[in-house]
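Here is the structure we will look at, set down as structure tokens.
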Amino acid sequence: MRTSLDAFLEELKELGTFVDSVSSVYSTLSKYGDASIKASLTLRRRLDYSSFIIALYTGLERFVEDLAWSFASMESSKNRYSQLHESLKDKHLRQSAELLIRGHLGEGRYEGLTNEGIVGNLYECLQDRETYNLNRHAVIFHESNIRSDG
């Protein structure tokens, strides 16, 4: 879990560097006599703002996913599959099946995943073996943006 926090803090540090540079970049650009550069500064500010928000959210989402995965991994290392919380087992089973149905394993964010790997992990889990592997992408799957209920 510490490495997840360290990675998130590093992303925040990079975003801080970006924010610290914004004023000087805009000031430098505005000094150029080129009318198209001056005209594009408002657009650039809006796009930089949007990029910042997207990068911030992406980092936060990755951090939350890493925490959820770390917790599930820790629980699975201490408990047999049958002893895990029912909601975790249910999500793992359903989302593993969904990964198989979608058919995009080995592509994009699912690079390195195979049908055989997903099914093999499910088999180990459902056999309640002492050692087993949860399917990470099934555990961290979410359909909407991560948000607080509070």
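The values are calculated or read from the model by the stated rules, or taken from the named source; none is laboratory data. Everything numeric in this text was worked out from a predicted model, so none of it was measured. Cβ sites come from the backbone with ideal geometry, for glycine too, and all protein chains shown count toward neighbours.
Scanning the range 107-137 for residues that are more than 19 Å from the chain's Cα centre (by Cα) and not in a helix (DSSP H, G or I) yields a count of 8. Pairing each residue of the range 42-68 that is at positive phi with any residue that is not in a helix (DSSP H, G or I), provided the two are 6+ apart or on different chains, yields no C-beta distance under 6 Å. Among the residues of this structure, GLU65 does not count as one that is surrounded by 14 or more Cβ atoms within 10 Å (Cβ to Cβ), within 24 Å of THR3 (Cα to Cα), modelled with pLDDT of 95 or more and not aliphatic (A, V, I, L, M). Restricting attention to the range 1-20, the residues being surrounded by 14 or more Cβ atoms within 10 Å (Cβ to Cβ) and hydroxyl-bearing (Ser, Thr, Tyr) number 1. Considering SER73, SER96, SER82, the condition of being over 30 Å from PHE18 (Cα atoms), surrounded by fewer than 11 Cβ atoms within 10 Å (Cβ to Cβ) and touching a residue at least 24 places away in the same chain (Cβ under 8 Å) is satisfied by SER82 alone.
For the residues LEU88, LEU113, the requirement of being among the aliphatic types (A, V, I, L, M) and modelled with pLDDT of 95 or more singles out LEU88. Flag set for GLU75, criterion: charged (D, E, K, R) and within 21 Å of SER4 (Cβ to Cβ). Scanning the range 81-90 turns up at least one residue that is assigned to a helix (DSSP H, G or I) and among the small types (Gly, Ala, Ser).
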